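Below is one structure, written out as structure tokens; comments come after it.
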Amino acid sequence: MSAALETEGWRLEPAREQDIDELMEWFDGEHSVKIWGGPKFRYPFNRETFLVDSHWGDMATFCLRDSCDRFRAFGQLYERDRRINLARLITHPEVRRQGVGKRLVQMLMSTGADLFALDEYSLFVFRDNTPALGCYRSLGFEIQNYPSHEVLADECYYLTRPVVNQKNRTSSATKGNET
């Protein structure tokens, strides 16, 4: 996993297992868990099921911390259909609709471009999650045709946007062609 990324007093760093205890407190019921974790995420959950259902340790998992080192947002990255997929994005309830989600996505995109030699980002969002949809669209994500092999087509949007920073794609391609 990558090292911490810092900008303007905010730090995106690999999540620690002890962060999960605070993260579990950010949900106020089954609906908020489904919006965040998808239809297969168990509710009610306990620490063990939360670790399993969030694929903790199986994908790049990050916490966003403010200048006072408070845990303010969470997100994961993994490769899905040849894209850098941003998953399980959430902000602390106290800082919602204050730009923290936008900062999280920006920093995850930067980190994702360093971790994966891919040309596009993707994410899924429930159609009724209008604050998140607005955030993603403001960052250049566009609604695409929903992948035919995915569930929840009638409840979610699928969004993508290109990776703008090509520095790693070039260096990865060059390394792969060296003999």
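For segment 5-172, what is the relative contact order in percent, using Cα pairs closer than 8 Å and at least 6 residues apart in sequence? Relative contact order of segment 5-172: 18 percent.
Beta bridges from DSSP with both residues in the chain: antiparallel share about 90 percent, rounded to the nearest 5.
Our analysis of segment 11-70 gives Rg over Rh at 0.97, with the two radii drawn from alpha carbon positions and Rh computed by the Kirkwood formula. A viscosity of 1.002 mPa s and a temperature of 20 °C, combined with the Kirkwood radius over C-alpha pairs in the Stokes-Einstein formula, give segment 5-172 a diffusion coefficient of 131 µm²/s.
For segment 62-125, with equal point scatterers placed on the C-alpha atoms only and solvent neglected, what are the log10 I(q)/I(0) values from the Debye formula at q = 0.21, 0.22, 0.28 1/Å, to two decimals? With one equal scatterer per Cα and no solvent, log10 I(q)/I(0) is -0.80, -0.86, -1.20.
Each value in this text was obtained by applying a stated rule to the coordinates, not by laboratory testing. Note that the coordinates shown come from a computational prediction; the quantities given were computed from them, not determined experimentally.
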